[in-house]
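The structure appears right after this line, and notes come after that.
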Amino acid sequence: MLTAAWIQQMVQQQKGQKPYAITQLVICSLLLIAVGLLNAWAFPVHEMWIIIGFLMLVVVTYLLLKNSGVGWPRILVGSVLTSVLVWFLLDANFYPKLLTYQAGNELAQKVTDDIGGANVYQQAGLRAFSFDFYTATLAKPLRDSAFKAGRPVWLLADTAGLKAARTKYNIGKTIRHRDFSVTQLNGTFLNPATRQKALSELILAEVLEPKKD
């Protein structure tokens, strides 16, 4: 709203648009280059539909800019189309691949399909917010009383938590998934050559029974 009011004022005053057009060209170009390099470096595009879709958007962008006239209409159209191109690359390629490193999200699908959220407990002190969200449950710490219900018992834990659980319980099947806090991106993770160093692991472990003393 504030930007629209300011642009309307500039149009009414008929002030020169050249400085704004140059600024917009620089910012939009840098933004497209940055997002393009980010995708090409961190998560290269291999899906043909993304490549074709992006090229089609580039063609549409060229045609719309060509026919948008000059001055403020061209500036506004250019900004909108830059946003479309940037968000297409992010939403079609970058974010979907990034979320495959969010173990809570990936393991939640397994729980929903095969295990059931009510049968899953969490390592004490562990908080996997994405897992809680996608299973629509708040998993409780595992206690021996969980085995009295006669239901399957599964534990969500990190590597240290599973090691500790093995000292108290007999463990059956395990489902492991790489994990990274996707809201805290850093160069180590984004660089494919060093990404493995930034990863940890979340594990769904089938807990059979407490060990007998």
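Couple of notes before you dig in:
- Estimated FRET transfer efficiency when R0 is 45 angstrom, pair A21-D113 (beta carbons, to 0.05): 0.30
- Environment charge at A146 (Cβ cut-off 12 Å; Lys +1, Arg +1, Asp -1, Glu -1): +2
- For the chain, DSSP calls about 80 percent of its internal beta bridges antiparallel.
- Dipole of the chain, positive direction: furthest Cα of N191, N105, I51, with charges on the beta-carbon: N191
- Within the chain, the proportion of C-alpha pairs whose separation exceeds 24 Å stands at 60%.
- Remark: for residue pairs K148/K168; K110/K173; K163/K197, the C-alpha separation exceeds 18 Å in K163/K197.
- Check: the stretch 102-210 dipole with +1 on Lys, Arg Cβ and -1 on Asp, Glu Cβ, in debye: 260
- Where labels lie 7 Å past Cα in the beta-carbon direction, separation of T188 and D144 in nm: 4.0
- Over the chain: helical MRE at 222 nm, DSSP H runs n ≥ 4 each giving -39500 (n - 2.57), nearest 500: -15500 deg cm²/dmol
- Distant-in-sequence amide H partners of Y121 (H built 1.01 Å from N, under 5 Å): W154, L155, L156
- Relative to its residue count, the stretch 102-210 spans a Cα convex hull of 99 Å³ per residue.
- Helices of the chain meeting both criteria, an alpha-carbon length of 20 angstrom or more along the long axis and an average Kyte-Doolittle score not below 0.5, with helices taken as full DSSP H segments, are 18-42, 48-66, 72-89.
- Counting Lys and Arg as +1 and Asp and Glu as -1 over every other residue whose Cβ lies under 10 Å from the Cβ of E201, the net charge comes to 0.
- Estimated dipole of the stretch 163-212 in Debye, rounded to 20 [Cβ of Lys and Arg +1, of Asp and Glu -1, Cα centre]: 240
- Measuring r between the beta carbons of Y62 and F94 and using R0 = 25 Å, the FRET efficiency lands at 0.60.
Since every read-out is calculated from the coordinates, none of them should be taken as a lab result. Quick caveat, the model's predicted, so the values are computed rather than measured. Please note: Cβ atoms are built from the backbone with ideal geometry, for glycine as well, and neighbour counts cover all protein chains shown.
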